[in-house]
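The values are calculated or read from the model by the stated rules, or taken from the named source; none is laboratory data. Because the structure is a prediction, the values reported are computed rather than measured. All Cβ positions, glycine included, derive from the backbone under ideal geometry; neighbour counts span all protein chains shown.
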Amino acid sequence: MSITNTQPTSIITNLKIYTSANVIRLFFLGFSAGLPILLVFSSLSFWLREAGVDRSTIGFISWVALAYGFKWVWSPAVDQISIPYLSKRFGRRKSWLLMSQCSLVFGIAAMAINDPQEDLFWLPAFAVLVAFLSATQDIIIDAFRIESGTDKQQAAMAATYQIGYRLAMIVASAGVLLLAAMFETSEVYDALAWQKAYLVMAALMLIGVITTAISPEPAVQSPTIKQGQDENTKQLNANGLLARVNRLIDAYLKPVLDLINRYKWQALVLIVLIATYRVSDIVMGVMANVFYVDMGYSKEDIAVASKTYGLILTLTGALVAGTLVNRFGVLKILLLGAVLSAVTNVLFIFLSQSTHNLPLLYAVISVDNLSAGLASTSFIAFLSSLANKEFTATQYAFLSSAMLLFPKFLGGFSGVWLDSLGYSYFFTLTALMGIPTTLAILYLMKKKWHA
């Protein structure tokens, strides 16, 4: 009697997937994607707080990151429009990537030459530009990832993407803090030190440019070219105005209708799950650096503990998640990540009630970041499983935007809530925000849902 396929897949076999060129490439593209976001989020909030900006204003400035929640508005352009010359020279995905990445170099450098203490308009204004360009880059990289790899590679590609992404976040957070501390010429606020640190970040975006330049274009047909298109449709598309209307319908409605047709009533539960999955982390994260500054931790303390050690734990969680999703399925690991992400916020209450306590800081950060890596990677794999490759960029942008829009919007009020509630009640509130997510996942598991 044959015993084929009765033995569990070995650990070595599972890990071999990380040697694929497709999987390795996503590490560097993940680095390119992860570098800008903290420059307009937590690192910016640290800079603003040191410059004397109040917490409520910092909370509202965090709405800069809403660009990531609205990227679905321009995501159809990535699927539908070719960039003159660049698309012919590099391909549709690569041309968009190169344009966004080169523009990010300029945008981050423009942030660097401003001082929020002198003028609080231009730094957030250029941060909006960087967020827009970064969100555009994310659209393309998500499509590039899904189109480049097989279904079996998606979890591993999500893991290496997260590793590169989180490593870039170490550079854009701990790196910025350490550079700013190194460039300081006095113990008081030094704008020039922050400006030099941000200029270094602009130069590091060249890693993404180089990776894109040497990567192959995904071999996926553009959705603007339809197989089996009849003559009547071709004639209609020849009419200029009608062609534009049809193109808008194709770009915006068809990807959404495709999702609804495939998931029907379950789409409502998926919306709740997607819209709330990251809410606990994001709302709390807006005030994280402000919390560390208020608690008396130095830039060096936070650079090492939260931004370096903590993100290494996040990378560990990402690697573990990539293997666990392949072994146990995405929903079980998604549930584990959701529960841990909410519960770990409660640990910050103990930190807020203590004095300057580095061992406790490391303990809380360990649990929080390990769960964050687990949750993020499993969620990327989950969203990837929902996207139809005919509308990869648009559908994934819709889904990932839904993931960010509601949490980022709530995050803008985090400074107001913090001023009203205090840190203990604020952290409790962010933990309770994870309840709808947990209920949605449990419902899908009960119904034996699968993509």
So which residues in the range 271-289 are modelled with pLDDT of 85 or more and over 30 Å from Thr308 (Cβ atoms)? Val272, Leu273, Ile274, Ala275
Residues that are modelled with pLDDT of 90 or more and of a type outside the set (Gly, Ala, Ser), drawn from the range 167-188: Val171, Val176, Leu177, Leu178, Leu179, Met182, Phe183
Can you tell me which of (1) farther than 20 Å from Ala202 by Cα; (2) modelled with pLDDT of 85 or more is the one Thr4 doesn't meet? (2)
Expected output for the range 189-218 (first residue part of a loop (DSSP other than H, G, I, E, B), partner surrounded by 15 or more Cβ atoms within 10 Å (Cβ to Cβ) and basic (Lys, Arg), Cβ below 7 Å, 6+ apart or cross-chain) is Ser215/Arg25; Ser215/Lys94; Glu217/Arg93; Glu217/Lys94; Pro218/Arg93
From the list Ala143, Ala159, Ala67, Ala155, which residue is assigned to a helix (DSSP H, G or I), over 22 Å from Phe46 (Cβ atoms), at pLDDT below 90 and out of contact with any Ser or Thr (no Cβ under 6 Å at 6 or more places or on another chain)? Ala155
Members of the range 115-130 that are assigned to a loop (DSSP other than H, G, I, E, B) and in contact (Cβ under 8 Å) with a residue 24 or more places away in the chain: Asp115, Pro116, Gln117, Glu118, Leu120
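Has the range 289-296 got at least one residue that is in contact with a Pro (Cβ under 9 Å, 6 or more places away or on another chain) and either surrounded by 24 or more Cβ atoms within 10 Å (Cβ to Cβ) or assigned to a helix (DSSP H, G or I) (or both)? Outline the logic, then answer.
Let us first name the residues in the range 289-296 that are in contact with a Pro (Cβ under 9 Å, 6 or more places away or on another chain), namely none.
No, the range 289-296 has no match at all.
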Tell me which of these Ser376 doesn't satisfy, since it passes every other one: (1) under 30 Å from Asp54 (Cα atoms); (2) surrounded by 24 or more Cβ atoms within 10 Å (Cβ to Cβ); (3) hydroxyl-bearing (Ser, Thr, Tyr). (1)
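Taking the stated definitions as given, is Ala203 touching a Phe, Trp or Tyr at 6+ places or on another chain (Cβ under 7 Å), hydrophobic (A, V, I, L, M, F, W, C) and more than 19 Å from Ala65 (Cα to Cα)? So that I can check it myself, show each step before the final result.
Details: touching a Phe, Trp or Tyr at 6+ places or on another chain (Cβ under 7 Å): no; hydrophobic (A, V, I, L, M, F, W, C): yes; more than 19 Å from Ala65 (Cα to Cα): yes.
The answer is no for Ala203.
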Answer with yes or no whether Ser56 is assigned to a helix (DSSP H, G or I), free of Cβ contacts under 8 Å to residues at least 24 places away in the same chain and surrounded by fewer than 22 Cβ atoms within 10 Å (Cβ to Cβ). no
